[in-house]
1. What relative contact order, as a whole-number percentage, does the chain give when Cα pairs under 8 Å and 6 or more residues apart are counted?
2. Which residue, 124, 105, 26, tops the fluctuation ranking in a GNM of the chain built on C-alpha contacts under 10 Å?
3. Per residue of the chain, what 222 nm ellipticity follows from adding -39500 (n - 2.57) for every DSSP H run with n ≥ 4, rounded to the nearest 500?
4. How far, in degrees from 0 to 90, does helix 96-109 lean away from the longest principal axis of the Cα atoms of the chain, to the nearest 10?
5. Take the chain, connect every pair of alpha-carbon atoms lying under 10 Å apart with a spring to form a Gaussian network, then pick out the residue of 143, 155, 11 with the largest mean-square fluctuation.
6. Tell me the Rg and the Dmax, in Å, that the Cα atoms of the chain produce.
7. Per residue, how big is the convex hull around the C-alpha atoms of the stretch 81-165? Give it to me in cubic angstrom, could you?
8. Which percent of Cα-Cα pairs in the stretch 6-75 sits in each 10 Å bin, short to long?
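Read-outs: derived from the displayed coordinates by stated rules, not from any lab. Computed from a predicted model, the values in this text were never measured in an experiment.
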């Protein structure tokens, strides 16, 4: 068996030459189109990376501002309300008027703290405790002192007190 001599026929020579030239030309067209598309993709990725960097910087700046504002607002917080509660009034059989009178007396003693910075009030909490605990009350010929059991300090100053009899 032998291979037919197609390479000698002019029509086949033209066909193979055209196929080879077409393959080379299509390869150049492919390279051009692929290169153009890749260049667009690279440019798009670079733009997106720039946007990401800008947005990350914006986020960082916003977070820093947010932290600064929170710190400034915390410094500006003030005591706005005072709540006093006498916990063991039932134990000493005090009527509601006497309980109210003691609570209002303590509230009047610490009323100067309203509109003060929380930080300032916190720094002077020991003085506040001493001012409340050193005062005595005479009820039914018996002398009592107050003892602070709980002291909560935020925009509301909340104090829970207990009565203790004073031994003479």
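1. 21 percent
2. Looking only at 124, 105, 26, the largest GNM fluctuation is found for 26.
3. -20000 deg cm²/dmol
4. For 96-109 against the chain, the angle is about 70 degrees.
5. For the chain, modelled as a Gaussian network with Cα springs under 10 Å, the answer is 11.
6. That works out to 44.2, 139 Å for Rg and Dmax.
7. For the stretch 81-165, the hull spanned by Cα atoms encloses 81 Å³ per residue.
8. 17, 17, 14, 13, 11, 9, 7, 5, 4, 1
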